[in-house]
Protein chains: 2
Amino acid sequence: MTEPERHGRERRERWGFELPLLLFAGFRSLIDQLHAELADHGHPDLRPAYGFAMQAIGRDGVTASELGRRLGVSKQAAGKTVDRLAALGYAERVADPADARRKLVRLTPRGQDALVLSGAVFEELRGQWGDQLGQERLTELEDALETVVGPAAFRLDAAGWFAD
Amino acid sequence: MTEPERHGRERRERWGFELPLLLFAGFRSLIDQLHAELADHGHPDLRPAYGFAMQAIGRDGVTASELGRRLGVSKQAAGKTVDRLAALGYAERVADPADARRKLVRLTPRGQDALVLSGAVFEELRGQWGDQLGQERLTELEDALETVVGPAAFRLDAAGWFAD
DNA sequence: TCTTTTCGACAACCACGTTGACTACTCTAG
DNA sequence: CTAGAGTAGTCAACGTGGTTGTCGAAAAGA
């Protein structure tokens, strides 16, 4: 069995507590680099939690209640998030002509721009990981993670897990 | 090249944005299971951030200022964290006889117990990942992560990245 | 000794979540 | 058609976890 990356030295025994730390460090590294890049491209006020919220709003817009459901928080919390997004110019509320109770939350062009830019940065960062690890090892990392976390990976209800 | 886990089907192309989601989902899965386990063993009020704080306090205790430095937050924020930990019975403040300004923050026996228990749970959870992935793939996952994040993995300054 | 640094605490504030209560509106059953 | 139930959005109060600024007391260095 050929394992070129091993360099012949014995691998240290791992502790259980290292695993969450490694996963978190990887996650944080990506998110930190993303936001450094966003800040350099006209979005210095974007915080990690806003990215999740904007992703949950999507191209079509949502109501605050639905946004709360998607993010796993109360409708009041979702409403406050929309307030902050709106104050920064990333989202706006428009009245729903078909239902006078509802107000559709939509991304502004600036919000769309941030989302598109984030996608591009993530591609770039994944490319860097691929350069460091090799495409094969990167793909195996992703597959291994998908195996253990299952479909739960792509939920957006990460609110509260963020700061700056 | 033998790749037994491929099962012959073509692997879907991955998007860059999936990588942070997978890492985060893995991290959250471990932390959620840890806290479910802790809650079942007499520690229902322990929150993820408290684990980091207790880890930073360690066996020897620290001052609030030093705790702030280790966690990457202000000494005032660290002091508040100690207040909450103390209110739950996980930490206590003792005057330092050698320096009347300082108050040593120490873990109570209950705090030590929670730390020991957490370590055991993490070993158990890592074992479960090993069962699912195979020891080899798990080790490769850990090594790959360490490669990309470097020594930054084991910093404790994750405060603010948590909620319940 | 005098000045600087450090420690812990207090206050005010912000971000981000929670519940509960309330109004306005829509929908459905009788 | 109308009464009642359910839903949308907002307001208020509060909890947690951060921030900065200020302060007095104690330690440490010139």
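For the list (1) among the charged types (D, E, K, R); (2) closer than 17 Å to residue B:14 by Cα; (3) in a loop (DSSP other than H, G, I, E, B), I need the number of the one condition that residue A:137 fails. All conditions pass for residue A:137, except number (3).
Pairs meeting the criteria (first residue in region A:41-69 and in contact (Cβ under 8 Å) with a residue 24 or more places away in the chain, second residue surrounded by fewer than 21 Cβ atoms within 10 Å (Cβ to Cβ) and of a type in the set (Val, Ile, Thr), beta carbons under 6 Å, at least 6 apart or on different chains) are A:48/A:31. A residue that is crowded, with 19+ Cβ neighbours inside 10 Å, more than 13 Å from chain A (Cβ to nearest Cβ), assigned to a helix (DSSP H, G or I) and of a type in the set (S, T, N, Q) can be found somewhere in region B:77-86. Go through (1) surrounded by 19 or more Cβ atoms within 10 Å (Cβ to Cβ); (2) of a type in the set (Gly, Ala, Ser); (3) more than 16 Å from DNA strand D (Cβ to nearest atom) for residue B:53 and report which single condition fails. Of everything listed in (1) surrounded by 19 or more Cβ atoms within 10 Å (Cβ to Cβ); (2) of a type in the set (Gly, Ala, Ser); (3) more than 16 Å from DNA strand D (Cβ to nearest atom), residue B:53 misses just condition (3).
Could you say whether any residue in region B:91-107 is crowded, with 20+ Cβ neighbours inside 10 Å, away from DNA strand D (no atom under 11 Å from the Cβ) and under 25 Å from residue A:25 (Cβ atoms)? So far as region B:91-107 goes, yes, one or more of its residues are crowded, with 20+ Cβ neighbours inside 10 Å, away from DNA strand D (no atom under 11 Å from the Cβ) and under 25 Å from residue A:25 (Cβ atoms).
Residue A:73 satisfies every condition listed in (1) surrounded by 13 or more Cβ atoms within 10 Å (Cβ to Cβ); (2) β-branched (Val, Ile, Thr); (3) part of a helix (DSSP H, G or I) except (3). The number of residues in region A:70-79 being of a type in the set (D, E, K, R) and near DNA strand D (Cβ under 8 Å from one of its atoms) comes to 1. Being at pLDDT below 95, surrounded by 14 or more Cβ atoms within 10 Å (Cβ to Cβ), over 21 Å from residue B:154 (Cα atoms) and within 15 Å of DNA strand D (Cβ to nearest atom) is a description that does not apply to residue B:35.
The values are calculated or read from the model by the stated rules, or taken from the named source; none is laboratory data. A quick note: this is a predicted structure, and the numbers were derived from the prediction, not measured. So basically every Cβ, Gly included, is an ideal-geometry build from the backbone, and we count neighbours across all protein chains shown.
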